[in-house]
Amino acid sequence: SHSLSPPSSPSTPPQVAHLIGKKEDIAKAGHVTKLVNGCRDVLVLFHQGRYHAMDMRCYHAGGSLLHGDIEEFNGQQCIVCPWHKYKITLAEGEGLYQAVDNPTVKPLRTHWRSKGVKQRIHKVTELNDNVYVTLNDSTEPIESDVYQTEKYRTSVVHF
Ligand code: FES
């Protein structure tokens, strides 16, 4: 089986941890994408010794985050979408933006603010040599959900 717990019914419950690949391979590649549970395209990243997982298409307009750079903003590690450079925190999937403190004061001074959680983050488990992802099945809609459809799936390259 490719899962930690065998599916008890024909449709696998989302809380099952799905095998993504070998730790070593993902660390070497830096990032991989995988269709998880036949229903969700997930990006798994290795950054500074840790694995992270999130929906693979950006909440803004569906850009693939596979080749997004990882940079620190406001003390938070973020993936930067290659399409329009939106910044998404790896930890929570928050969208960050630069707010202007006071538009009447020149030069303008800005600080980072959060737009809230925009990208669905999934749980990563390391077990033995492998990396597993448990889908975040929170029923609260998250903006990146919009791009988890067949239409957007056709262009995906899988690991
Ligand atoms: Fe990601 Fe626009 S699609 S920033």
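The values are calculated or read from the model by the stated rules, or taken from the named source; none is laboratory data. It should be emphasised that the depicted structure is a prediction, and the values quoted were computed from it without experimental measurement. FYI the Cβ positions are ideal-geometry reconstructions off the backbone, even for glycines, and counts take in every protein chain you see. Protein only, heavy atoms only, side chains kept; ligands, DNA and RNA dropped before computing areas. Shrake-Rupley method; radii C 1.70, N 1.55, O 1.52, S 1.80 Å.
Things to note:
- The strands (runs of 3 or more DSSP E) located wholly in region 51-104 that include 3 or more residues which are among the acidic types (Asp, Glu) and in contact with a strand residue (DSSP E or B) (Cβ under 8 Å, 6 or more places away or on another chain) occupy 69-73.
- Taking the conditions (1) within 16 Å of the ligand (Cβ to nearest atom); (2) open to solvent by less than 60 Å² (accessible area, probe 1.4 Å); (3) touching a helix residue (DSSP H, G or I) at 6+ places or on another chain (Cβ under 9 Å); (4) of a type in the set (A, V, I, L, M) in turn, VAL117 satisfies each one other than (2).
- Filtered by the rule that a residue be assigned to a loop (DSSP other than H, G, I, E, B) and over 14 Å from VAL16 (Cβ atoms), region 122-141 gives ASN128, ASP129, SER138, THR139, GLU140, PRO141.
- Region 55-92 - residue that is under 11 Å from the mean Cα position of the chain (by Cα) and away from the ligand (no atom under 16 Å from the Cβ) and, of those, least open to solvent (accessible area, probe 1.4 Å): ALA91
- Taking each residue of region 78-102 that is among the charged types (D, E, K, R) and looking for partners that are near the ligand (Cβ under 8 Å from one of its atoms) with beta-carbon atoms closer than 9 Å, six or more apart or interchain, yields LYS87/CYS81.
- Residues being surrounded by 15 or more Cβ atoms within 10 Å (Cβ to Cβ) and among the acidic types (Asp, Glu) - total across region 93-114: 1
- Residue match in region 36-54 (condition: surrounded by fewer than 11 Cβ atoms within 10 Å (Cβ to Cβ), without any contact (Cβ under 8 Å) to a residue 40 or more places away in the chain and over 25 Å from VAL146 (Cα atoms)): yes
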